[in-house]
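Report on the following structure.
The values are calculated or read from the model by the stated rules, or taken from the named source; none is laboratory data. Bear in mind that the values here come from a model prediction, so they are computed numbers and not experimental data. Because the Cβ atoms are built from the backbone with ideal geometry, glycine has one as well, and the counts that use them run over all protein chains shown. Accessible surface is based on the protein model in full, side chains and every heavy atom, while ligands, DNA and RNA are left aside. Shrake-Rupley method; radii C 1.70, N 1.55, O 1.52, S 1.80 Å.
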Amino acid sequence: MNKKEEEKMLRLLGKIPSSVTVACSGGPDSMAILDFLIRGKRDVTVAHFNHDTPFGRFAEKFVKSYCEKNDIKIVFGKIQREKDSKESWEEYWRNERYKFFESLDGPIITAHHLDDVVEWWTFTSFHGNPRLIPYRRNKTIRPFLSTTKDEIWNWVDRKDIPYVTDPGNFDDKFARSYIRNNIIPQALKINPGLRKVIKKKVEKHYEDEERE
């Protein structure tokens, strides 16, 4: 892959090791990142977590088939306990997913991008504690936090990458989905430069993290 093309299409925070594990749900974001890293000649292992939903079982079959077809190593994780009544479904799935990641050899790369950061910052702001998605979480690193969703979609379209779509992304009963589908479009009308504002915060936060 041409280095200029790589930098233009998907921005990176930090350096990505030559041997990595990629958290891949089968969705467009993680499939784009998987393709990006393979084209960059990294030694890649896929980590797929099954959330024990009808879509989760379908996504596992898709990711498994893709990895077998392309000779990509893969490890699987699944839900290990019942949901606590105090947890939201989103918290439950996230907690179980990261427990699985922590059981693996690091680093684990996720496909979190700038639009995810904007959503999380908005969600946490509504709860009185605005936060950014950090670059590191134990074994997990998130090198694509300054890359926009549109840039990822551009990569998917140009490289004709297959993916599956989680219907939960469009279900407004989930707080993050409601924010993504309803709040962010309105916020961008008020401040079209919102992503740029958050991107500056992300880059500064990354620099501060790396200095510690």
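The table that follows gives values for the structure above.
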| read-out | value |
| --- | --- |
| Condition broken by PHE36, with the remaining ones in (1) assigned to a helix (DSSP H, G or I); (2) touching a Gly at 6+ places or on another chain (Cβ under 6 Å); (3) within 26 Å of LYS159 (Cβ to Cβ) satisfied | (2) |
| Unmet requirement for GLU91, which otherwise passes all of (1) closer than 27 Å to VAL202 by Cα; (2) out of contact with any Ser or Thr (no Cβ under 9 Å at 6 or more places or on another chain); (3) in a loop (DSSP other than H, G, I, E, B); (4) among the charged types (D, E, K, R) | (3) |
| Members of region 117-143 that are outside any loop (DSSP other than H, G, I, E, B) and open to solvent by 20 Å² or more (accessible area, probe 1.4 Å) | TRP120, TRP121, PHE123, SER125, PHE126, ARG136, ARG137 |
| Which listed residue, of GLU207, GLU151, is open to solvent by 60 Å² or more (accessible area, probe 1.4 Å) and assigned to a helix (DSSP H, G or I) | GLU207 |
| Checklist (1) among the small types (Gly, Ala, Ser); (2) surrounded by 16 or more Cβ atoms within 10 Å (Cβ to Cβ); (3) not in a loop (DSSP other than H, G, I, E, B) applied to SER146, failing item | (3) |
| So GLU90, is it of a type outside the set (Ser, Thr, Tyr), surrounded by fewer than 14 Cβ atoms within 10 Å (Cβ to Cβ) and out of contact with any strand residue (DSSP E or B) (no Cβ under 7 Å at 6 or more places or on another chain) | no |
| Selection from region 154-171 of residues that are charged (D, E, K, R) and either assigned to a helix (DSSP H, G or I) or open to solvent by 60 Å² or more (accessible area, probe 1.4 Å) (or both) | ASP157, ARG158, LYS159, ASP160 |
| The listed residue being acidic (Asp, Glu) and modelled with pLDDT of 95 or more, out of ASP115, ASP166 | ASP115 |
| Hits in region 66-96 (condition: among the β-branched types (Val, Ile, Thr) and more than 29 Å from ASP160 (Cβ to Cβ)) | ILE79 |
| Of all residues in region 67-84 being part of a loop (DSSP other than H, G, I, E, B) and over 17 Å from PHE100 (Cα atoms), the one that is least open to solvent (accessible area, probe 1.4 Å) | ILE72 |
| Residue within region 178-188 that is open to solvent by 80 Å² or more (accessible area, probe 1.4 Å) and touching a Ser or Thr at 6+ places or on another chain (Cβ under 9 Å) present | no |
